[in-house]
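K.L.:
Sharing a structure below in C-alpha cells format, with a few things to ask.
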Amino acid sequence: MRPRLFPWRKATETMVQNKLLKIHNLHKSYGDLEIFKGLSLAMDRGDRLVIIGPSGGGKSTLLRIVMGLEDIVGGDVYLDGKPYILRDGGKTKIDHKLQARVGMVFQHYTLFPHLDILRNLTLAPVKTRGTPRAEAEAKAMALLDRFGLAAKARSYPSQLSGGQKQRVAIARALMLDPDLLLFDEVTSALDPELVAEVEAVMMELADQGMPMMIVTHDMHFARNIASRVVFAAGGVVVEDGPPEQVLDNPQVARTREFVERVFARKK
Amino acid sequence: MTYDLQFFYVWQNLDKLGRGVLVSLELTGLANLIGLTAGFAIALMLRARTPVLRVPATALVELFRCTPVLIQVVWFFYCVPILFNLFVDPMVMAVLALGLNLAAFNAEGYRAAIQSVPREQYDACAALGLGGWTRVRHVVLPHALRAALPVLMTNGITIFQQSALVALVAIPDLMYEGKMLSTETYRPIETYTVVAAIYFAISAPISLIVQRIEARFDRVQA
C-alpha cells in the first residue's frame, strides 16, 4: 500500500476512490486442476455482481476465496483498498479484521442445528463482537420481523422450511453488518415454490444498496438483481458488464455461446 | 425332560442377588465415569497432529479393542499387581480394567462423532468469525456430543453386561452371587435364569431409550 502522509487522518478521498473489492491476478488450483489462471475483478460499493459461468468453472470457489475459506496459489485480494488476502512465504495470509466485514450465505443454509433461530443469529455478535445479549436479541428480532420470521425465533432449524432456513441464514449474516455479502447458490437446494421468498429478501437488500456478489443458476433472477454480470470461464473473467449486455447481447463469442445454451435449455 | 422348576430358593435369597446387583451397578457406574472422561481425552489425543499424543492413544485403543475383555480383567487382576508391584483392592482393578476398556471404545465413538460434524459448519463459523474455543464450545462439541450420545450409552450398557466377567476374579457382583447361590441351592437353572432376567431388566430400558434418541436424532438431521 502507498504510504500516507497523515496516517492519523482518515483518507476520505482515497476511500471514495477505493474499490470495495479488488481481486488481482488470482491463481487457484486443486491439485493439478487449475481453477483460476490470473483472474482479476473489481467491485464498487453500489455493485451487485452476479457471476455466471460453466459448472466446475470455480464460481463458488471464487466466493469462498473472497470469504477467506480457501487457500490461494497466487495473486491478492483487496477490501476497501487494504490488502485482505495475499500469498506470503508460501502461505495464504488472510486479514481477519477485514474478513469480519464480509458475510456469506451458503447453498445448504449451514444453520447451527442445536441452537434455536434467535441463538443462531446472536451467537456470533455476542461471542465475537462482545455485543450485549439484549442488544443482539433486539437486533435479531428486528431482522426476523422484517423477514417475516419473528414467530420462528424460538423454533429450531429442523422445524423450518428450506426457504425459511435460508432467510434465517441471510439474517444471521446481516447481524454482523457486513460491507459485502456473498450468496453461493442460495436457492439451488430449494423447492421451486420457495425460491421466490428468498429472492424477494435479496431484492429488498439490493434496493437498500447492500453490495452483493451472487452465484446463481437462475438467469431471470440474475437479470433482475444484477448491476453487473460477470461471465467467468477457463479461469479468467471473459466478459463483465451490465446484465443487458452480458445476458442479452454478449460481446464475446464464448459468452454468447454459454448464454444461448443456458437460455435454450430454459425454454 | 422332566425337570421340576423350583424358584423358591431363589426368591428366598433375592437379597444376596440384590447385593450383587448393587456391586454390578457400582462397577458399571465407575467404569462409565472413567470411560466418558478418559475416552474423551483419548479421542482428543487420537485427533492430535503430533504423533507423540496420537500414537500412544491409538495403541491403547487398539489394545483394548483387539483383546477379549475376559483377558483384560484377568490381566489387570493377576498380572498388574506383580508387574507393577501394585497391590490394591480387587474392586479398583476391576473398575480400571472395565473403565479403560470402555474408554477405548468411547474414544472411537467420540472421534467418529467429532468427525461427523459437517464441513459446512466450519465454513459457517469462519464466515461468522467464530474460531478457536468459541467454535469448539458452541458449535463442534454440541454437534459431536449429540452424535456420540447413542454410542456412549450403548457402550455404557454393554459394560454393564461385560462386568459379569469380574465374577471370575471373585468380585461379589450379580454374576458371582448367582454362581454362589446356584451351588448352594443346587438350582442352577432357576438361579441363572433369574440372574439373566435381572441383567435384561436393567439393560433393556436403557437400550430402548437409546433407540428413541437415535430415532429422534435421525428426524432432526433430516
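Just so it is clear, none of the values below were taken in a lab; they were calculated from the coordinates. Because the structure is predicted, anything quoted here is derived from the model rather than measured. Note that each Cβ is placed from the backbone with ideal geometry, even for glycine, and that neighbours are counted across all protein chains shown.
K.L.:
Using only C-alpha positions, report the orientation-averaged shadow area of the convex hull of chain A, nm², one decimal. Before the final figure, lay out the partial values.
P.N.:
Details: hull surface 64.7 nm².
Answer in nm², one decimal: 16.2.
K.L.:
At residue B:22 and residue A:91, where each label point lies 7 Å from the Cα along Cα→Cβ, what is the point-to-point distance in nanometres?
P.N.:
With each label placed 7 Å out from Cα toward Cβ, I get 6.0 nm.
K.L.:
Shifting gears a bit: Return, for the Cα atoms of the protein assembly as shown, the radius of gyration and Dmax in Å, separated by a comma.
P.N.:
Cα-based Rg and Dmax for the protein assembly as shown come out at 31.1, 107 Å.
K.L.:
For helix B:174-185, report the angle its Cα long axis makes with the longest principal axis of the Cα atoms of chain B; keep it between 0 and 90° and round to the nearest 10°.
P.N.:
On a 0 to 90 degree scale, this one is about 10.
K.L.:
Mind checking the mean number of beta-carbon atoms from other chains within 10 Å of the Cβ atoms in A:96-104?
P.N.:
Numbers: counts 3, 1, 0, 3, 3, 1, 2, 3, 5.
Average per residue, whole number: 2.
K.L.:
Which order results if A:176, B:5 are arranged by neighbouring Cβ count within 10 Å, fewest first? Let's see the in-between values first.
P.N.:
Working: A:176 20, B:5 9.
In increasing order of surrounding Cβ atoms, one gets B:5, A:176.
K.L.:
Here's something else I'd like to know. Amide H neighbours of residue A:183 under 5 Å, at least 5 residues apart or on other chains, H built in the peptide plane: list them.
P.N.:
For residue A:183, the qualifying residues are A:105, A:213, A:214, A:215.
K.L.:
Follow-up. Neighbour counts of other C-beta atoms within 10 Å: give me A:55, B:182, A:29, B:163 arranged from fewest to most. List each step's numbers first, then the result.
P.N.:
Numbers: A:55 8, B:182 19, A:29 16, B:163 27.
If I rank by nearby Cβ atoms, fewest first, I get A:55, A:29, B:182, B:163.
K.L.:
Given the pairs A:19/A:139; A:37/A:165; A:59/A:127; A:28/A:59, which span a C-alpha to C-alpha distance of over 24 angstrom in this model? All intermediate terms of the calculation are to be shown ahead of the outcome.
P.N.:
Numbers: A:19/A:139 29 Å; A:37/A:165 35 Å; A:59/A:127 31 Å; A:28/A:59 12 Å.
As for pairs spanning more than 24 Å Cα to Cα, those are A:19/A:139; A:37/A:165; A:59/A:127.
K.L.:
Whole-Hz ³J(HN,Hα) for each residue in segment A:36-45, computed from phi via Karplus 6.51 cos²θ - 1.76 cosθ + 1.60 with θ = phi - 60°, x for glycine and proline: what do you get?
P.N.:
10, 10, x, 6, 10, 6, 10, 9, 8, 4
K.L.:
Provide a whole-number value for the mean count of partner chain Cβ atoms within 10 Å of the Cβ atoms in peptide B:127-138. Present the calculation step by step, with values, prior to reporting the outcome.
P.N.:
Details: counts 19, 15, 14, 5, 3, 0, 1, 5, 2, 0, 1, 8.
For this peptide, the per-residue mean of nearby foreign Cβ atoms is 6.
K.L.:
Sticking with this structure for a sec: If you split all Cα-Cα distances of segment A:122-192 into 10 Å bins from zero, what percentages do you get per bin, shortest first?
P.N.:
Result, from short to long distances: 19, 50, 29, 3 percent.
K.L.:
Can you list the lysines whose alpha carbon is less than 25 Å from that of residue B:16, not counting same-chain residues fewer than 8 positions off?
P.N.:
B:179
K.L.:
Net charge near residue B:44: determine it from the other residues with C-beta under 11 Å of the C-beta of residue B:44, scoring Lys and Arg +1 and Asp and Glu -1.
P.N.:
Details: positive: B:47, B:54, B:111; negative: none.
With Lys, Arg at +1 and Asp, Glu at -1, the net is +3.
K.L.:
Summing -39500 (n - 2.57) over the DSSP H runs of n ≥ 4 in chain B and dividing by its residue number, what mean residue ellipticity at 222 nm do you reach, to the nearest 500 deg cm²/dmol? Intermediate results must be reported in sequence, preceding the final value.
P.N.:
Working: 11 runs with 170 residues, N = 222.
Mean residue ellipticity, 222 nm, calculated: -25000 deg cm²/dmol.
K.L.:
Can you tally the net charge around residue A:59? Count Lys and Arg as +1, Asp and Glu as -1, for every other residue whose Cβ sits under 9 Å from the Cβ of residue A:59.
P.N.:
Details: positive: none; negative: A:184, A:185.
Neighbour charge sum, excluding residue A:59 itself: -2.
K.L.:
Among residues other than residue A:25 whose Cβ falls under 13 Å from its Cβ, what is the net charge (Lys/Arg +1, Asp/Glu -1)? It would help to have the intermediate numbers written out before the result.
P.N.:
On the way: positive: A:22, A:28, A:37, A:87; negative: A:76.
Local net charge: +3.
K.L.:
Which aspartates and glutamates have a Cα less than 16 Å from the Cα of residue A:152, not counting those fewer than 8 places away in the same chain?
P.N.:
Straight-line reach from residue A:152, under 16 Å: A:116, A:137, A:197.
K.L.:
If you don't mind, there's one more thing I want to ask. Let me know the mean shielding of A:108-117 by other chains, meaning the per-residue number of their Cβ atoms within 10 Å of its Cβ. Walk me through the intermediate numbers first.
P.N.:
Details: counts 4, 2, 10, 3, 9, 8, 8, 3, 0, 0.
Average per residue, whole number: 5.
K.L.:
Let me ask something else. Using the number of other C-beta atoms within 10 angstrom as an exposure proxy, rank B:47, B:216 with the fewest first.
P.N.:
Final ranking by Cβ density, sparse to dense: B:216, B:47.
K.L.:
Just tell me which aspartates and glutamates come within less than 18 Å, Cα to Cα, of residue A:82; anything on the same chain fewer than 8 places away is out.
P.N.:
A:13, A:44, A:95, A:179
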